[in-house]
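We did not get these values from a lab; they are worked out from the coordinates using the rules stated. Worth saying up front: this structure is predicted, and the values here are computed from it rather than measured. Virtual Cβ from ideal backbone geometry, glycine too; neighbours counted across all protein chains shown.
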Amino acid sequence: MDIESVENLYHLYGFEKKQIYIIGTVGVPACYGGFESLVENLLNFTPEDVEYTVFCSAKNYEKKLETYKGAKLIYLEKSANGKDSILYDYESMKIAVRDKADIMLILGVSGCIFLPKIRRQFKGKIITNIDGLEWKRDKWNFYAKWLLKYSEKQAVKYSEIVIGDNKGITDYIHSEYEKIVATKKVELIAYGGDQVQKVSDNSLYEKYPFCKEPYACTVCRIEPENNVHEILKAFSKIKEKDFDAFTKQLVIVGNWQKSEYGKELKEQYSKYSNIHLLEPIYEPHEVNWIRSNASLYVHGHSAGGTNPSLVEAMNFGLPILAFDCVYNRATTENKCLYWKTSDDIINTNKKTAISENIAVSMQELGNKLYSWKNIAEKYNSLY
């Protein structure tokens, strides 16, 4: 039975679908971002008794659709990122209250500082995915960190269900907010990564000729918490001292111009012929070609929980060198190679250390744990 037939039956028999308002993303269709990819895939597996409404940042969409994959779209003039995200989320919450939504699904804690007020007005259920521990990131000043930590506490306090995307995050929620969560549901739901597929396109070698040689790859925001400086330092040493590396070429795709940190690193390391620093690529076919044809994936994220780029690399079946922290070990179940410093990367990026077994283990684990169908089913069970 198709969607239109189901909707006609609901209308005929007077059934009303649950109205779920998704708050906290740039919107859909998704271009980049973990939460945006999550929403895309929730829409792909929408239950018959659910209707989604998704808030979108108007400035990110030249073409403004009214609906997408069966979901209603509401455009707000504010930005969904940075300091504007607080008011963006608050405005979204107010509309959900006005429309008497059944459920607010809040992704991230930016606007949760307003949840005490919203909770008094809203009669439905609030489900919040608190994302990573955003307040720990070095890019925020003292006041921003305090605000994010306070918002996180309000999210936990005023939500019926709290979602962490990694065992490290759910363990933190239970220990940090032990009394608050005693009467709440804390759910572990990760991200999917099986939407990515290997891309074969020889024409792209003209644009990226350095990809003809075996290369390591990283796709990330250029921030200190992602340890980009350590990765670059390692591959500059590999070039200078001619180590017997598994791969000597490095390709990093990221927002180099977004911060002084990124600009300084690009200026410092662009001179190395084995290091290729690319600006963000918004064409999925292209970025997936770069990732899927890599010989090695180097993952430097140290903050947050389950990282989408990591689970996608696992689904590509790539050998992985991951920064050694509780979140990455939980995601990969201690089955890849880990590093803390640039010297660790050099020591693990050797022909003798990296085997096909690591790639096979990563792909098997990715298929088993990080399927979007399974992730969507877990969200659907909360409604």
15 Å beta-carbon shell around residue 371, net charge (K/R +1, D/E -1) = -3
ask   = Cα axis of helix 34-44 to longest principal axis of the chain: angle in degrees, 0 to 90, nearest 10?
value = 60
ask   = residue 131's amide H: which non-local residues (gap 5+, or another chain) put their own amide H closer than 5 Å, with H modeled 1.01 Å from N in plane and none for Pro or chain starts?
value = 108, 165
ask   = How many nm is it between the label spots at residue 200 and residue 171, if each spot is 7 Å from the Cα in line with the beta carbon?
value = 4.2
key: Added length on full extension, which subtracts the Cα-Cα distance from 0.36 nm per residue, residue 279 to residue 212   = 22.2 nm
query = Considering every pair of different Cα atoms, what Kirkwood radius, in Å, is found for region 72-155?
reply = 13.2
message = Placing unit charges on C-beta atoms (Lys and Arg positive, Asp and Glu negative, everything else neutral), compute the dipole magnitude of region 75-210 about its Cα centre in debye, rounded to 20.
response = 720
ask   = Roughly how big is region 34-110's charge dipole about its Cα centre, with Cβ charges of +1 (Lys, Arg) and -1 (Asp, Glu), in debye to the nearest 20?
value = 280
key: Pairs of Cα atoms farther than 25 Å apart, region 202-369, %   = 25
request  = Compute the length gained on full extension between residue 17 and residue 144: take 0.36 nm times their separation in residues and subtract their Cα-Cα distance, giving the result in nm to one decimal.
outcome  = 41.9 nm
inquiry  = Positive end of the dipole of the chain, charges at C-beta (+1 Lys, Arg; -1 Asp, Glu), about the Cα centre: which of 316, 148, 39 has its Cα farthest in that direction?
reply    = 148
request  = Treat each spin label as a single point 7 Å out from the Cα along the C-beta direction, and report the residue 340 to residue 237 distance in nm.
outcome  = 1.4
Under-5 Å amide H pairs with residue 246, H placed in peptide plane, nonlocal only = 350, 351
task = DSSP loop (so not H, G, I, E, B), at most 10 other Cβ within 10 Å: list which GluC sites (Glu not before Pro) in region 103-210 pass both filters.
result = 178, 206
key: Charge dipole (debye, nearest 20) of region 202-369; +1 at Cβ of Lys and Arg, -1 at Cβ of Asp and Glu   = 180
key: Compactness of the chain as Cα Rg over 2.2 N^0.38 Å, two decimals   = 1.02
query = With axes computed from alpha carbons, what is the tilt in degrees of helix 228-241 against the longest principal axis of the chain, rounded to the nearest 10 within 0 to 90?
reply = 10
task = Pop a pseudo-label 7 angstrom from the Cα along the beta-carbon direction at both residue 157 and residue 84 and give the gap in nm to one decimal.
result = 2.9
